[in-house]
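Inspection log for the structure reproduced underneath, given as structure tokens.
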Amino acid sequence: MIDRDQFFIGGTWVDPVGDAGTIDVVDPSTEQVCGRIRSGSAADVDAAVAAARRAFDGDGTPGSGWAATPLDDRLALLGALADALDERADELGTLIATELGMPAMLARMIQAGMPIANVRAQIDLARQVQWETTVGNSLVVREPVGVVAAITPWNYPLHQVMCKVAPALAAGCTVVLKPSEVAPLSAWVLAEAIEAAGFPAGVFNLVGGTGPVVGEAMAVHPDVDMVSFTGSTRAGTRVAELAAATVKRVALELGGKSANIILDDADLDRCVPPGVTMGCYLNSGQTCTALTRMLVPRHLQDRVVELAAAAADGVQVGPALEPGTQLGPLVSAAQRDRVRGYINAGIDAGARLVAGGPDAPDGLDTGFFVRPTVFADVTTDMTIANEEIFGPVLVIMPYDTVDEAVAIANSTPTACRVGCSRLIPNGPWPWPDACAPAAWTSTAAASTSSLRSAATSSPASVARMACGASRSSARSSPCSCPA
Ligand code: NAD
């Protein structure tokens, strides 16, 4: 059992100011408590923000403070951070597999590997930024925003943290982080790695606790210049409302309901099974970019259903640390019950259940497990077609024309990406040729012309189009999820 009873503020480990109690971290594979953190209060946020402010501004002498630290020096420290995390990658993989429930091998690769790669990618990107640009007779200078409050979810706990912390630190901002209280433990390893890398005191600060107490104290704080929030649409809306009173910048990355459009020349045998297991079920479906709606030409639905049901039935469900497990439990009892509620709602609405269902998988009565589930004949008026389920539940929706498929893809309030599968021989993707995603695009951005152009592009131009789509969406939409 891991006990984290201090916060990292101003470069040292400190006791919480008050006694707001503790929060248990539960291993979803076993239902046993595997860790504990202290619950912070507004007073802890005050201390962390003050430390971040001092670190940003320096002591008042020119050139002091993180914002004024030369870019090369900041990036050298980020490189040291990546190295420090790399040394602990196996530990991080196991830790996140335990608190989250993702199978250990995948957790090592994705939950530990991806954030480390993100830090290194940010170093490269920061070197490409034009920090100063001359426009006519004006000089445009890009400056760090200031103190950034980062509030993150549990589904990719370290990845979501690093997607905020690494670019903020590279740009010269200082950070106060509140990780999700559901899967918080990797954030403490990150703080230790930041300490080991030798960052100046106060550049990064960590406070644990709940959203309504610590998260809201960060959102309203007058000395926070920007809130970067990733999580549910409900909590994001609240953060935006609270932050408005002090006119700070707010970045929101919210829920998803992404579509995977199968065109009628796709090789179904090769694009449907990975569309189910990797596209939809990765991390037990708890992925904001999960391709949870598979849109299929109506005349192909029967074959798609057969393949999708077989793929779902073939998934090995089990505890995260058990070798051979392909799909772990959901993160919590609440999440499991919520997902089972959606499965029951689908059945009640008349959708055709072709795999899985609301009961626990055989032999897995302990742990927050849900059977890999597939519904067919799902229509746009059903709740399961519109709301984010955040579990291993795929809905198959038939369409008659590509225009209709695009309209369905764009009909939900949120989507993190849209996938489109068709035949691309020798595509540039690490996928089998025929299941290459011909177009990845983002929030409500699917268009018939983008699908048609994907259908006629060479693999190289398709790759460029996909990159362009994700870059522009990162600027214009509330969601800038990585693939
Ligand atoms: P959540 O909204 O419950 O919590 C996210 C974070 O917000 C947590 O740290 C939580 O403590 C905090 N929080 C909760 N209420 C708050 C409040 N009133 N004020 C301030 N902070 C508050 O979300 P979750 O259950 O942790 O994560 C799942 C959600 O995150 C899903 O909807 C998923 O789609 C979304 N998500 C989106 C992206 C993206 O890039 N768009 C990435 C990952 C997850």
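Some points to look at:
- Complete set of residues in region 366-393 that are more than 16 Å from the ligand (Cβ to nearest atom) and assigned to a strand (DSSP E or B): THR373, VAL374, PHE375, ALA376
- Pick from region 193-225, criterion of a type in the set (D, E, K, R) and in contact with a Lys or Arg (Cβ under 8 Å, 6 or more places away or on another chain), ranking: nearest to the ligand (Cβ to nearest atom): GLU216
- For region 1-13, residues that are among the aliphatic types (A, V, I, L, M) and surrounded by fewer than 17 Cβ atoms within 10 Å (Cβ to Cβ) total 2.
- Subset tally (residues that are more than 10 Å from the ligand (Cβ to nearest atom) and either outside the structural domain of ASP400 (by TED's automatic domain parsing) or within 24 Å of TYR399 (Cβ to Cβ) (or both)) for region 283-295: 6
- All of (1) in a loop (DSSP other than H, G, I, E, B); (2) out of contact with any strand residue (DSSP E or B) (no Cβ under 8 Å at 6 or more places or on another chain); (3) over 30 Å from VAL296 (Cα atoms); (4) more than 10 Å from the ligand (Cβ to nearest atom) hold for SER180 with one exception: (4).
- The residues listed here are SER228, SER232; of these, the one that is closer than 18 Å to VAL119 by Cβ and within 15 Å of the ligand (Cβ to nearest atom) is SER228.
- Taken together, GLY146, GLY256 contain a single residue that is near the ligand (Cβ under 8 Å from one of its atoms) and in contact with an Asp or Glu (Cβ under 8 Å, 6 or more places away or on another chain), which is GLY256.
- Of the residues making up region 235-253, those that are out of contact with any Ser or Thr (no Cβ under 6 Å at 6 or more places or on another chain) and near the ligand (Cβ under 6 Å from one of its atoms) number 3.
- Neighbours by Cβ (under 6 Å, 6+ apart or cross-chain): first from region 175-192, in contact (Cβ under 8 Å) with a residue 60 or more places away in the chain and farther than 12 Å from ARG4 by Cα; second in a helix (DSSP H, G or I) and more than 8 Å from the ligand (Cβ to nearest atom): VAL175/VAL165; VAL175/ALA168; VAL176/ALA48; VAL176/VAL49; VAL176/ALA52; ALA183/GLU99; ALA183/LEU100; ALA183/PRO157
- If the condition is being touching a residue at least 60 places away in the same chain (Cβ under 8 Å) and under 18 Å from THR174 (Cα atoms), then region 231-250 contributes only ARG249.
- A count restricted to region 159-174 and to residues that are more than 12 Å from the ligand (Cβ to nearest atom) and either in contact (Cβ under 8 Å) with a residue 60 or more places away in the chain or hydrophobic (A, V, I, L, M, F, W, C) (or both) stands at 10.
The values are calculated or read from the model by the stated rules, or taken from the named source; none is laboratory data. In this text the structure is predicted, and so the values were computed from the model without any measurement. Reconstructed Cβ throughout: ideal geometry from the backbone, glycine too, with neighbour counts over all protein chains shown.
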